[in-house]
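Worksheet: one structure, shown below.
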């Protein structure tokens, strides 16, 4: 039953009344003639796969593949280092405050409503999502895309879904999922997706439940390693020039489960909407006059946490100036690692993430890549917003909208550059 639990980093099919395991296909789409000769990219995410897991737990197949391709020292998640904000930042090249998915759960004052990963209606509502995710960029230019899960792919963002996609569930076996990817790549050229997203949740699940140093995580890494090997062998048999970008959204750290932080007494819940907890307590004032007095009281009594006004969060791209959708709290309270807030008083699991990657290296993620377009190269750590312009360049998909990622950060890993 370990996969039936709800963790902050992933929503599971157990939350939904009925599990949808059917493939969804948007009929009538075709690759344009100019797109049919473009390269192929499979973007893989292993949720919670810490930057050092491959070596630490001897993921031999992955290590072998990266010997022939690109491996970064680590990839820095954006703040907060949580699943939904980071998957969507990878997909859009934007910081959370700019694309709007600022947390796994958050409050939107203009809507007077909250988004949460457990709420299927919101997850599938494209109006919550800003930016232009990669699959939307591709479909806008008549390049077909497919998704075996990714944050945002179940929602019509700007009215657009991937041509082929699945609603998130954990009932489809890895063998079936790999078979579907191969089937997509064996479609006729006009129907074949050039961008495929693929997601693994298991390492994150076990990291939360047992902690990152556990034998269970070691086993989950080895199982994922075998799955990556199986996927790459199956794709190779298609004979297509497929490039793999393998990332994670964040890492995992061990937190203090014995000395849990509770809501500070200075916070009057009748005056504030508390939109999130754990690594980030986001407070939205019902009356703006209550912000400074509460902030000053909290600041004077800081203990194992730090209090910020929204305007003080610029270094994390999480400030008032960045807040394009007005979804960041007026006051932010961040626990000092390894502390965690537990306002709901559920039993706290030993593995956690969400911290600032500049302060807690355990939350660093991975970036690996291999395929005909990628050099054999070792590179320094970088922020995940730079993945978007890289993949757009690989697929030759121009864009004019503003993003935070910059092509020059990763362009050097491409052949002929």
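Identify, from the list 133, 80, 156, the residue that is under 27 Å from residue 316 (Cα atoms) and in contact with a helix residue (DSSP H, G or I) (Cβ under 7 Å, 6 or more places away or on another chain). Spell out how you get there, then give the answer.
Values: 80 fails: in contact with a helix residue (DSSP H, G or I) (Cβ under 7 Å, 6 or more places away or on another chain); 156 fails: under 27 Å from residue 316 (Cα atoms).
So the residue among 133, 80, 156 that is under 27 Å from residue 316 (Cα atoms) and in contact with a helix residue (DSSP H, G or I) (Cβ under 7 Å, 6 or more places away or on another chain) is 133.
Collect the residues in the stretch 106-128 that are within 15 Å of the chain's Cα centre (by Cα) and either assigned by TED's automatic domain parsing to the domain that holds residue 46 or part of a strand (DSSP E or B) (or both), keeping them in residue-number order. Working first, answer last.
Kept after step one, since they are within 15 Å of the chain's Cα centre (by Cα), are these residues of the stretch 106-128: 116-117, 123.
Listed by number, the list holds a single entry, 116.
Go through the residues of the stretch 389-404 one by one and say whether even a single one is in a loop (DSSP other than H, G, I, E, B), at negative phi and under 17 Å from the mean Cα position of the chain (by Cα). Reasoning before the result, please.
Looking only at the stretch 389-404, we keep the residues that are in a loop (DSSP other than H, G, I, E, B), and these are 395-404.
Next cut, at negative phi only: 395, 397-404.
Of the ones still in play, those that are also under 17 Å from the mean Cα position of the chain (by Cα) are 403-404.
Yes, because at least one residue in the stretch 389-404 is in a loop (DSSP other than H, G, I, E, B), at negative phi and under 17 Å from the mean Cα position of the chain (by Cα).
Would you check which residues across the stretch 295-321 are under 20 Å from residue 363 (Cβ atoms) and in a loop (DSSP other than H, G, I, E, B) and list them?
304, 313, 317, 318
Conditions: (1) crowded, with 17+ Cβ neighbours inside 10 Å; (2) not assigned by TED's automatic domain parsing to the domain that holds residue 66. Residue 345 meets all but one. Number of the miss?
So residue 345 meets the others, but not (1).
To keep it simple, each residue is scored yes or no on (1) in contact with a strand residue (DSSP E or B) (Cβ under 7 Å, 6 or more places away or on another chain); (2) in the same structural domain as residue 73 (by TED's automatic domain parsing); (3) on the phi > 0 side of the Ramachandran plot.
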position: 219; (1), (2), (3): no, yes, no
position: 241; (1), (2), (3): yes, yes, no
position: 246; (1), (2), (3): yes, yes, no
position: 263; (1), (2), (3): no, no, no
position: 282; (1), (2), (3): yes, no, no
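Working carefully through the options 77, 39, find the one that is touching a strand residue (DSSP E or B) at 6+ places or on another chain (Cβ under 9 Å) and surrounded by fewer than 21 Cβ atoms within 10 Å (Cβ to Cβ). Working first, answer last.
Details: 77 fails: surrounded by fewer than 21 Cβ atoms within 10 Å (Cβ to Cβ).
Selected residue: 39, the only one of 77, 39 that is touching a strand residue (DSSP E or B) at 6+ places or on another chain (Cβ under 9 Å) and surrounded by fewer than 21 Cβ atoms within 10 Å (Cβ to Cβ).
The conditions are (1) buried (at least 17 other Cβ atoms within 10 Å of the Cβ); (2) assigned to a helix (DSSP H, G or I), and residue 292 fails exactly one of them. Which is it?
Of the numbered conditions (1) buried (at least 17 other Cβ atoms within 10 Å of the Cβ); (2) assigned to a helix (DSSP H, G or I), the odd one out for residue 292 is (1).
Across the stretch 125-142, what is the total count of residues that are over 20 Å from residue 199 (Cα atoms), surrounded by 19 or more Cβ atoms within 10 Å (Cβ to Cβ) and out of contact with any strand residue (DSSP E or B) (no Cβ under 7 Å at 6 or more places or on another chain)?
Of the residues in that region, 2 qualify.
Of 391, 379, 334, which residue is modelled with pLDDT of 95 or more and assigned by TED's automatic domain parsing to the domain that holds residue 287?
Details: 391 fails: assigned by TED's automatic domain parsing to the domain that holds residue 287; 379 fails: assigned by TED's automatic domain parsing to the domain that holds residue 287.
Of the residues listed, the single one that is modelled with pLDDT of 95 or more and assigned by TED's automatic domain parsing to the domain that holds residue 287 is 334.
Looking at 44, 90, can you tell me which residue is in a helix (DSSP H, G or I) and either in contact with a helix residue (DSSP H, G or I) (Cβ under 9 Å, 6 or more places away or on another chain) or at pLDDT below 95 (or both)? Explain how you work it out, then say what you get.
Details: 44 fails: in a helix (DSSP H, G or I).
One residue alone meets the criteria, 90.
How many residues does the stretch 363-417 contain that are buried (at least 18 other Cβ atoms within 10 Å of the Cβ) and touching a residue at least 60 places away in the same chain (Cβ under 8 Å)?
At the first step, the residues of the stretch 363-417 found to be buried (at least 18 other Cβ atoms within 10 Å of the Cβ) are 363-371, 373-374, 382-392, 394-395, 397, 403-405, 410, 413-414.
Next, only the ones that are touching a residue at least 60 places away in the same chain (Cβ under 8 Å) stay: 363-371, 373-374, 382-392, 394-395, 397, 403-405, 413.
Going through the stretch 363-417 one residue at a time, the tally reaches 29.
Hey, can you tell me all the residues within the stretch 96-105 that are surrounded by fewer than 24 Cβ atoms within 10 Å (Cβ to Cβ) and not in a helix (DSSP H, G or I)? Steps first, please.
Going residue by residue through the stretch 96-105, those that are surrounded by fewer than 24 Cβ atoms within 10 Å (Cβ to Cβ) are 98, 100, 105.
100, 105, listed by residue number.
Restrict the check to the stretch 168-181 and report whether at least one residue is within 17 Å of the chain's Cα centre (by Cα), modelled with pLDDT of 95 or more and crowded, with 19+ Cβ neighbours inside 10 Å.
Yes; the residues of the stretch 168-181 include at least one that is within 17 Å of the chain's Cα centre (by Cα), modelled with pLDDT of 95 or more and crowded, with 19+ Cβ neighbours inside 10 Å.
The values are calculated or read from the model by the stated rules, or taken from the named source; none is laboratory data. Predicted model, so just to flag it, every value in this text is computed and none were measured. FYI the Cβ positions are ideal-geometry reconstructions off the backbone, even for glycines, and counts take in every protein chain you see.
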